[in-house]
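Let me begin by presenting the structure, written as structure tokens, before commenting on it.
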Amino acid sequence: MKKLKIQDFISIGIYTAIYFLIVSIALAILTFTIPTFNNVLIPSATALFAGIVYLLVIQRIPRFGAITIMGSVMGLFFLISGHFPLSFLPSIICAVAADLLQYKTRLPQKARTVISYTVFSFGLMGPVLPLWFMKNAYIDALIARGKDSVYIEKVFTPITTGMFYFCTIAVIVCSVLGILIGQKIYVKHFDKTKGKNYEQSMRNV
């Protein structure tokens, strides 16, 4: 496996910016359509639309480390943008795990890509997981930021056990669909030769 080069880092930065844009668009759409559930559905909504970005990363920068860097940058954003202090950890952990799955395992290519993308998508659960598993600490953090009881109650309205399972399943389903959609877009609009080879390899597994 070749090491990352300067051009690779530039490309990773571009793809990370596009990924961040998709996250922002997903948040905006959810805020206007189902505001009560916007935060908890961001991971699945992003997974549905960001498959093409992930495929571009692994096809254009097929080196261990690219996925880790992209996820780590998202984690850094969570860390410096006022999210719960531990929100950044899942982004980094899931990105490293996805990188290992993609480049250090001998799974068939299709399975490897789908599973690694699904794991990567769970990184966006970082900001919302504390709502279920660290409720008191999360409330204390909100109070420290000057949030009132009305705001806090609104934040925790959708936080139920059933919603946790729903969000988990939604991320898995949307990740699979996102990769399938991304594959179609890649084959149609990006590097025709590589696209055909990629499509063929996906079908042969």
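Where a number appears in this text, it was derived from the coordinates with a stated rule and is not lab data. Because the structure is a prediction, the values reported are computed rather than measured. Quick reminder, even Gly has a Cβ in these numbers, built from the backbone with ideal geometry, and neighbours come from all protein chains shown.
Distance from the Cα centroid of region 104-146 to that of region 22-90 is 10 Å (rounded to whole angstrom).
Ranked by the mean number of other Cβ atoms within 10 Å per residue, highest first, peptides 67-75, 159-167 order as 67-75, 159-167. Between LEU4 and LEU100, the C-beta separation translates, for a Förster distance of 22 Å, into a calculated FRET efficiency of about 0.90. Shape analysis of the chain yields a ratio of the Cα radius of gyration to the Kirkwood radius, Rg/Rh, of 1.00.
Report relative contact order for the chain in percent, whole number only (criteria: Cα-Cα under 8 Å, sequence separation at least 6). Please list the in-between numbers first.
Details: 252 pairs, mean separation 55.0, N = 205.
After rounding, I find 27 percent.
Take the Cβ atoms of LEU107 and LYS154, set R0 to 41 Å, and the FRET efficiency comes out at 0.45.
The charge dipole of region 1-145, taken about the Cα centre with unit charges on the Cβ atoms of Lys, Arg (+1) and Asp, Glu (-1), comes to about 580 debye, rounded to the nearest 20.
Report note on the peptides 57-63, 115-121, 23-29: ranked by the mean count of other C-beta atoms within 10 Å, highest first, their order is 115-121, 57-63, 23-29.
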